Amino acid sequence: ELVSKLNERKKDVYLVSGGFRSFIAPVAKELNIPLDNLFTNIFIFNDDGSYGGFDKDQPTSSSGGKKVVATKLKTEKGYKSLVMIGDGVTDLEAYPPADLFIGFGGNKIRENVRQNSPWFVTQFQELIDVL
């Protein structure tokens, strides 16, 4: 519902994850997040179909990758403000350059994230209510 509300307001929504695109893309599709707005790791397969590794050129494939993505979005898209919502320490690393970080503890509360987030919520409804 949060993504729907943001889409209604013509806000660009991105999904930035250290997970793999083949697993994340169906979730993005369900949330109506364009596949061009995904920043994920990508599996590489050999010609025989066997696992060949992952694309190390993706920013999320290395430490600090989410910060790189946030910087890239601000620079290339010209966003004046960028808000990052996340539940992990690697999400928190993107603040700054993100202008605001909202920690999310709906699945699991990570103390480091809760203590270092300018805003911390345990339900997306809390964010929907202020939109």
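Write out, first by first residue and then by second, each pair whose Cβ atoms fall under 8 Å of each other, whose residues are 6+ apart or on separate chains, and whose first residue, in the stretch 46-72, is closer than 20 Å to ILE85 by Cα while the second is exposed (fewer than 12 other Cβ atoms within 10 Å of the Cβ).
SER62/LYS56
Please indicate, with yes or no, whether at least one residue in the stretch 23-38 is touching a Phe, Trp or Tyr at 6+ places or on another chain (Cβ under 6 Å), hydrophobic (A, V, I, L, M, F, W, C) and either more than 27 Å from ASP129 (Cα to Cα) or in contact (Cβ under 8 Å) with a residue 60 or more places away in the chain (or both).
No.
So, in the stretch 36-85, how many residues would count as being among the aliphatic types (A, V, I, L, M) and assigned to a loop (DSSP other than H, G, I, E, B)?
Looking only at that region, the number is 2.
Which of the numbered conditions does LYS72 fail, given that it passes all the others? Conditions: (1) surrounded by 13 or more Cβ atoms within 10 Å (Cβ to Cβ); (2) farther than 16 Å from LEU15 by Cβ.
(2)
Any read-out appearing in this document is the output of simple, stated calculations on the displayed coordinates, not a laboratory observation. Since we're looking at a predicted model, the values are computed, not measured. We place every Cβ from the backbone using ideal geometry, glycine too, and count neighbours over all the protein chains shown.
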